[in-house]
Structure formats: C-alpha cells, structure tokens
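**Student:** Just dropping this structure here.
The values are calculated or read from the model by the stated rules, or taken from the named source; none is laboratory data. On a predicted model such as this, the values are computed, not experimentally measured, just so you know. All Cβ positions, glycine included, derive from the backbone under ideal geometry; neighbour counts span all protein chains shown. Ligands, DNA and RNA are stripped out before the accessible areas are found, and what is left, the full protein with its side chains, is counted by its heavy atoms. Shrake-Rupley method; radii C 1.70, N 1.55, O 1.52, S 1.80 Å.
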Amino acid sequence: MSYSVVTNVTLDKEAIQKKITQARIEQDMSFGDLSKKTGISKGQLYKIERRLADNVPLLQIMSVCKALHISLSDLVGMK
C-alpha cells in the first residue's frame, strides 16, 4: 500500500484567522476562556488571531478547533 503526500499546499492564513476569531466571538468566548479550554497561552492565541504567529503547530490549531466546535477541514476551507 502506498500513500501520496501533498507537500505544496497553500493555506489562506487570513481566512483561517478570521474563522477562528468569528467562532470565538460568536460563542462569547474571551482569550482567557479559550486559553483554559486549550492550554494555549492567551498571548499565543492573540498571535494566532492577529497573523503574528507564522508557524503555528498543528496540535494548537486542532485544540482551538475542538474548543470552538469547528472541524479542521471547515477551518482550512476543505469541504
């Protein structure tokens, strides 16, 4: 069995950040609330939303998705 690995995927970081912000606000969740649910510092969450963090670990993005009840595929625009 073999697997293909896609290595040249470009993600729209601005759209991802807007979706995270929108979901957080719609759920009336502060950075502090989200930090408690994810274990990610408020500072790092702020950077994720404001495009200051370029290399965000996938595990952090997955934690944010879980806490905000959004799927990773919806977040990155793959439906």
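**Student:** Return the calculated 222 nm mean residue ellipticity for the chain, to the nearest 500 deg cm²/dmol, obtained by summing -39500 (n - 2.57) across DSSP H runs with n ≥ 4 and dividing by the residue count.
**Tutor:** -16000 deg cm²/dmol
**Student:** How far apart, in nm, are the 7 Å Cα→Cβ label points at residue 12 and residue 42?
**Tutor:** Label at residue 12, label at residue 42, 3.1 nm between them.
**Student:** In µm²/s, what is D for the chain at 4 °C and 1.567 mPa s, where D = kT/(6 pi eta Rh) by Stokes-Einstein and Rh is the Kirkwood radius from Cα pairs?
**Tutor:** Here the translational diffusion coefficient equals 98 µm²/s.
**Student:** Given the protein chains as shown and a 1.4 Å probe, how many square angstrom of residue 21 are accessible, to the nearest 10?
**Tutor:** Approximately 30 Å² of residue 21 is accessible to the 1.4 Å probe.
**Student:** Right, another one. Modelled label-to-label distance, residue 70 and residue 54, 7 Å Cα→beta-carbon offset: nm?
**Tutor:** 2.4
**Student:** Convert each backbone phi in region 57-70 into a coupling constant with the Karplus relation 6.51 cos²θ - 1.76 cosθ + 1.60 (shift: θ = phi - 60°), then list the ³J(HN,Hα) values in order as whole Hz, x for Gly and Pro.
**Tutor:** x, 4, 4, 5, 4, 5, 5, 5, 4, 4, 5, 9, 6, 10
**Student:** Give me the tail of P(r) for region 17-62 as a percent: Cα-Cα pairs with distance above 18 Å.
**Tutor:** Across region 17-62, Cα pairs with separations above 18 Å total 16 percent.
**Student:** Check cross-link reach from residue 13 to the lysines: straight Cα distance under 22 Å, and skip same-chain residues fewer than eight apart.
**Tutor:** Cross-link targets: 42, 47, 66, 79.
**Student:** Relative contact order for the chain: what percent, with Cα pairs under 8 Å and sequence separation of 6 or more? It would help to have the intermediate numbers written out before the result.
**Tutor:** Details: 49 pairs, mean separation 26.7, N = 79.
Result for the chain is 34 percent.
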